[in-house]
Amino acid sequence: MTLSYALERQKGLFFGTFWLIFNMGGVMGGLIAFGINYNPEEGGQNAVNPATHFKFCALMVPGALFAFIFVIRPSIVIKADGTAVMLFLRERGHQIRWKS
């Protein structure tokens, strides 16, 4: 779906931007876990504190709500050249049906 929005000359940029954002999520998650557990209150504890998991959930819920509210349906997206976005649906794994 990421490459469906791009014009042919923009596909590399869209692909690279997607992976940059995707991998920054892992980096930020690691930094947040490190920051939360840097000075554990229970002396010498090496395991991840359960509060870390709750804080991650508290960060992910607003992100999911934001995506649900603000992401536009692909059926109404028009590319810069005036063409509609074409998506494909997989019915049985090996059969592809194009949807415009």
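A few comments on the model shown:
- Residue pairs meeting the criteria (Cβ under 9 Å; at least 6 apart or on separate chains; first of a type in the set (Val, Ile, Thr), in region 17-32; second at pLDDT below 90): Thr17/Thr2; Ile32/Thr52; Ile32/Lys55; Ile32/Phe56; Ile32/Leu59
Yes/no per residue for (1) surrounded by 11 or more Cβ atoms within 10 Å (Cβ to Cβ); (2) under 19 Å from the mean Cα position of the chain (by Cα); (3) within 23 Å of Leu87 (Cα to Cα):
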| position | (1), (2), (3) |
| --- | --- |
| Lys11 | yes, yes, yes |
| Phe14 | yes, yes, yes |
| Thr17 | yes, yes, yes |
| Gly26 | no, yes, no |
| Phe34 | no, no, no |
| Asn37 | yes, no, no |
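- Residue check for Ile36: among the β-branched types (Val, Ile, Thr), at pLDDT below 85 and in a helix (DSSP H, G or I): yes
The values are calculated or read from the model by the stated rules, or taken from the named source; none is laboratory data. Since we're looking at a predicted model, the values are computed, not measured. A quick note on method: Cβ atoms are made from the backbone with ideal geometry, for glycine too, and the neighbour counts reach across all protein chains shown.
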